[in-house]
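Peer 1: This is the structure I want to talk about, given as structure tokens.
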Ligand SMILES: [Zn+2]
């Protein structure tokens, strides 16, 4: 018997050792069974903290809001997968700069493709010394059918949050938005350097309310289809 087990054991060892961190994480991301409706992408992570403001890292905030959004969507019966569930990136190890950023974003798009997700929602936060008011802002590509309607539905739901500055959904040419056939959104959840938004993005209850609003927007868009 031992002679049969030995090669099998070696194969398991080899397989485990050959998986990169990203691959290992990804294996846990797809929900069992149901097709993925929404792929939630907490922006940045790993080597890339995103914008920094007063001790806050964008990557931590997008992950926290992303986890609330996953729960809020699942509560509404919408199946969800995440591009990341911890502080990781998808850049080739050791690479830095624009090439690593592009590779990281490309991998997130590939995950959407592999899971055959129907929508892609990438979460971000802003810092701007020029902004005179805060507010969450939804971006979409006007070249993708259905993206504008989804964006407007989410933006309208965000307007209902108490104290939310009412910004409009906007067409944009970001790589993440125009490089895939499914409706994709970049949601800039608020400005980390503006007090109201900073509070909304750092308190657990407010993060949850923000996620619930985004989920409401997705849900009412799906109901219209
Ligand atoms: Zn960002």
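The values are calculated or read from the model by the stated rules, or taken from the named source; none is laboratory data. It should be emphasised that the depicted structure is a prediction, and the values quoted were computed from it without experimental measurement. We place every Cβ from the backbone using ideal geometry, glycine too, and count neighbours over all the protein chains shown.
Peer 1: May I ask you to verify whether residue 67 is surrounded by fewer than 18 Cβ atoms within 10 Å (Cβ to Cβ), away from the ligand (no atom under 16 Å from the Cβ) and either modelled with pLDDT of 95 or more or under 16 Å from residue 182 (Cβ atoms) (or both)?
Peer 2: Judged against the criteria, residue 67 is a match.
Peer 1: Would you pick out the residues in segment 55-83 that are closer than 23 Å to residue 158 by Cβ and assigned to a loop (DSSP other than H, G, I, E, B)? Before the answer, list the steps.
Peer 2: Here is the first cut: in segment 55-83, the ones closer than 23 Å to residue 158 by Cβ are 56-83.
76, 77, 78, 79, 83, listed by residue number.
Peer 1: Here is a further query. Taking segment 153-204 as the region of interest, how many residues are surrounded by fewer than 21 Cβ atoms within 10 Å (Cβ to Cβ), within 14 Å of the ligand (Cβ to nearest atom) and without any contact (Cβ under 8 Å) to a residue 40 or more places away in the chain?
Peer 2: The total comes to 2.
Peer 1: Anything in segment 51-60 that is under 13 Å from the mean Cα position of the chain (by Cα) and surrounded by 19 or more Cβ atoms within 10 Å (Cβ to Cβ)? List them, or say none.
Peer 2: Correct list: 58, 59.
Peer 1: Would you confirm whether or not segment 114-125 contains a residue that is surrounded by fewer than 17 Cβ atoms within 10 Å (Cβ to Cβ) and under 18 Å from the mean Cα position of the chain (by Cα)?
Peer 2: Yes, that holds for at least one residue.
Peer 1: Also, I was wondering about something else. Using the structure shown, decide if residue 148 is in a helix (DSSP H, G or I) and away from the ligand (no atom under 16 Å from the Cβ).
Peer 2: Spelling it out, residue 148 is indeed in a helix (DSSP H, G or I) and away from the ligand (no atom under 16 Å from the Cβ).
Peer 1: Would you pick out the residues in segment 89-127 that are in a loop (DSSP other than H, G, I, E, B), within 16 Å of the ligand (Cβ to nearest atom) and modelled with pLDDT under 95?
Peer 2: Residues satisfying the conditions are 89, 90, 91.
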